[in-house]
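Colleague: Provided herewith is a single structure, encoded as structure tokens, for subsequent inquiry.
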Amino acid sequence: MKKIVLTGGGTAGHVTPNIAIIPTLREREFDIFYIGSYEGIEKKLITDMEIPYYGVATGKLRRYVDPKNLTDPFKVVKGYEEAKKLLKQINPDIVFSKGGFVSVPVVRAAKALKIPCIIHESDMTPGLANKLCIPAATKVCCNFPETASKLPEGKAVVTGSPIRQELLTGNKEKAKELCGFTNDKPVIMVMGGSQGSVAVNEAVRDALPKLLPEFNIVHLCGAGKVDNLLLVKESEGYKQFEYLKGELKDVLALADVVITRGGANAICELKALNKPNLIIPLPSKASRGDQILNAESFRKQGFSMVLDEDDIDPDTMIMNVKYLYDHRQDFISKMAAANETNAIDMIVNLIEEQLKDK
């Protein structure tokens with residue numbers, strides 16, 4: 001049986017595309033293994049799928065001054081040695097990486113062992129982890145056509161982003177029961193990223209008094225960020241969750257509009273579902289600006305509205321959400337008319353082609 005090691009983690013966005021291709025890899029008789037961090041979000045998501053999971057040390061390589069910059073390089077070196085040992089043990093035919101800093105030691109170890117490696121970049125511009133991995137990769141899959149020009153000649157393949165197919169099978173009635181909604185008000189879904197955005201969470205909660213008379217609201221607020229003082233609001237149409245896994249497809253089916261961060265995987269999933277969305281990208285002062293670029297691309301194509309985090313206040317949030325809902329059909333039509341690639345088949349075909357070239 002063909003063996004493949006998947007890697008990627010740190011946030012859900014570095015795991016969900018791997019999850020999306022797993023069913024097709026299984027159909028094509030791949031034996032699948034996963035290398036992630038010791039206790040990252042990827043461990044829970046992958047072990048639930050009954051895939052052998054191995055952890056390695058990982059350190060974040062930062063562009064800014066931080067005391068951890070003195071110790072994290074040693075973690076990367078340790079992770080590299082651990083990954084090398086694991087890859088020798090598993091002896092895979094190929095490695096597929098979705099990025100995040102855990103992928104760096106795995107991809108570099110694969111290169112040292114002459115194991116072909118394909119990586120995927122979801123954002124408009126490659127992140128630092130993928131920049132470190134690109135020289136070791138045989139092919140680089142990318143989401144945006146604009147990204148291909150920023151990659152080495154001959155390596156880039158525009159595949160789009162693999163979408164978890166189960167998201168297309170949501171049940172609205174199950175979601176209403178889960179959330180306890182007993183009326184037919186339109187539903188706003190709020191997704192602040194897997195780690196939860198404080199700015200988005202606060203803005204939505206400040207706007208509740210004016211939104212709840214017209215909307216039901218499902219709020220995915222991140223681990224440890226449920227506001228217990230607002231639990232009484234749940235009887236009035238406001239339901240909080242730290243994170244949703246199996247039920248996510250149902251809540252997405254129920255949502256009329258979505259407020260989201262600008263992670264490429266998240267917004268591509270919303271596009272595939274034709275969900276009108278308001279993107280509040282992570283600001284450049286807190287990131288490398290990739291979410292801003294992603295959001296601007298979607299805005300230009302008519303798929304999304306965009307609101308700068310610095311401009312958030314309750315009145316602005318309410319105005320944007322109501323405009324989005326009132327004009328939702330315009331956004332739905334633009335998304336529905338867009339050409340879609342079958343990213344899953346393209347990526348798995350590419351994986352199999354690389355095996356033939358070994």
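Colleague: Given the residues Gly59, Gly99, which is the only one that is more than 24 Å from Ile344 (Cβ to Cβ), at pLDDT below 95 and small (Gly, Ala, Ser)? Lay out the reasoning, then the answer.
Modeller: Numbers: Gly99 fails: more than 24 Å from Ile344 (Cβ to Cβ).
Going through Gly59, Gly99 in turn, the sole match is Gly59.
One line per residue, one yes/no per condition, for (1) among the small types (Gly, Ala, Ser); (2) outside the structural domain of Asp48 (by TED's automatic domain parsing); (3) surrounded by 19 or more Cβ atoms within 10 Å (Cβ to Cβ):
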{"position": "Ile217", "(1), (2), (3)": "no, yes, yes"}
{"position": "Leu220", "(1), (2), (3)": "no, yes, yes"}
{"position": "Ser235", "(1), (2), (3)": "yes, yes, no"}
{"position": "Gly289", "(1), (2), (3)": "yes, yes, no"}
{"position": "Glu296", "(1), (2), (3)": "no, yes, no"}
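Colleague: What single numbered condition from (1) part of a loop (DSSP other than H, G, I, E, B); (2) over 17 Å from the mean Cα position of the chain (by Cα) fails to hold for Pro281?
Modeller: Looking at each condition in turn, Pro281 falls short on (2).
Colleague: May I pose another question? Could you please find all residues in the stretch 148-159 being surrounded by 15 or more Cβ atoms within 10 Å (Cβ to Cβ) and either in the same structural domain as Glu247 (by TED's automatic domain parsing) or of a type outside the set (Gly, Ala, Ser) (or both)?
Modeller: Residues satisfying the conditions are Lys150, Leu151, Lys155, Val157, Val158, Thr159.
Colleague: Leu128 is checked against (1) in the same structural domain as Asn294 (by TED's automatic domain parsing); (2) closer than 30 Å to Val104 by Cα and fails just one. What number does that condition carry?
Modeller: (1)
Colleague: A further question on this structure: What residue, of Glu269, Glu309, is charged (D, E, K, R), within 23 Å of the chain's Cα centre (by Cα), within 16 Å of Gly13 (Cβ to Cβ) and surrounded by 13 or more Cβ atoms within 10 Å (Cβ to Cβ)?
Modeller: Going through Glu269, Glu309 in turn, the sole match is Glu269.
Colleague: Can you work out which of the residues in the stretch 22-43 that are within 13 Å of Glu352 (Cα to Cα) and crowded, with 21+ Cβ neighbours inside 10 Å is nearest to the chain's Cα centre (by Cα)?
Modeller: The selected residue is Leu25.
Colleague: Tally the residues that are under 27 Å from Glu353 (Cβ atoms) and either among the β-branched types (Val, Ile, Thr) or buried (at least 21 other Cβ atoms within 10 Å of the Cβ) (or both), restricting the search to the stretch 44-53.
Modeller: Looking only at that region, the number is 2.
Colleague: Can you tell me which residues in the stretch 93-114 are in contact (Cβ under 8 Å) with a residue 60 or more places away in the chain, in a loop (DSSP other than H, G, I, E, B) and among the hydrophobic types (A, V, I, L, M, F, W, C)?
Modeller: Once the filter is applied, which keeps residues that are in contact (Cβ under 8 Å) with a residue 60 or more places away in the chain, in a loop (DSSP other than H, G, I, E, B) and among the hydrophobic types (A, V, I, L, M, F, W, C), the stretch 93-114 yields Phe101, Val102.
Colleague: Could you tell me how many of the residues in the stretch 93-114 are surrounded by fewer than 24 Cβ atoms within 10 Å (Cβ to Cβ) and either outside the structural domain of Gly55 (by TED's automatic domain parsing) or farther than 30 Å from Leu293 by Cα (or both)?
Modeller: 6
Colleague: Suppose the filter is within 16 Å of the chain's Cα centre (by Cα) and either under 14 Å from Ser122 (Cβ atoms) or not assigned by TED's automatic domain parsing to the domain that holds Asn274 (or both); does Gly192 pass it?
Modeller: no
Colleague: A further question on this structure: With Asn274, Asn339, Asn320 as the choices, which residue is in contact (Cβ under 8 Å) with a residue 60 or more places away in the chain and of a type in the set (S, T, N, Q)?
Modeller: Details: Asn339 fails: in contact (Cβ under 8 Å) with a residue 60 or more places away in the chain; Asn320 fails: in contact (Cβ under 8 Å) with a residue 60 or more places away in the chain.
Only one candidate passes the filter, namely Asn274.
Colleague: Let me ask you something else. Taking the stretch 295-323 as the region of interest, how many residues are of a type outside the set (A, V, I, L, M, F, W, C) and either in contact with a Cys (Cβ under 9 Å, 6 or more places away or on another chain) or part of a loop (DSSP other than H, G, I, E, B) (or both)?
Modeller: The number of residues fulfilling the criteria is 4.
Colleague: Which residue pairs have Cβ atoms under 7 Å apart, sit 6 or more places apart or on different chains, and have a first residue in the stretch 154-175 that is in a helix (DSSP H, G or I) and a second that is of a type in the set (Lys, Arg)?
Modeller: Cβ pairs passing all conditions: Glu166/Lys249; Leu167/Lys249; Thr169/Lys249.
Colleague: Further, regarding this structure: Going residue by residue through the stretch 203-211, is there one that turns out to be outside any helix (DSSP H, G or I) and buried (at least 22 other Cβ atoms within 10 Å of the Cβ)? Talk me through it step by step, then tell me what you get.
Modeller: So the first thing to find is which residues in the stretch 203-211 are outside any helix (DSSP H, G or I), and the list is none.
Checking the stretch 203-211: not a single residue is outside any helix (DSSP H, G or I) and buried (at least 22 other Cβ atoms within 10 Å of the Cβ).
Colleague: Residue by residue through the stretch 324-334, note down the ones that are over 18 Å from Pro281 (Cβ atoms) and part of a helix (DSSP H, G or I).
Modeller: Quick first cut of the stretch 324-334, residues over 18 Å from Pro281 (Cβ atoms) only: 325-330, 332-334.
Matches in the stretch 324-334: Tyr325, Asp326, Arg328, Gln329, Asp330, Ile332, Ser333, Lys334.
Colleague: Another question about this same structure. Tell me which residues, restricted to the stretch 1-28, are under 14 Å from Asp345 (Cα atoms) and not polar (S, T, N, Q).
Modeller: Our first condition is that a residue be under 14 Å from Asp345 (Cα atoms); within the stretch 1-28, this holds for 17-28.
Residues satisfying the conditions are Pro17, Ile19, Ala20, Ile21, Ile22, Pro23, Leu25, Arg26, Glu27, Arg28.
The values are calculated or read from the model by the stated rules, or taken from the named source; none is laboratory data. Computed from a predicted model, the values in this text were never measured in an experiment. Cβ sites come from the backbone with ideal geometry, for glycine too, and all protein chains shown count toward neighbours.
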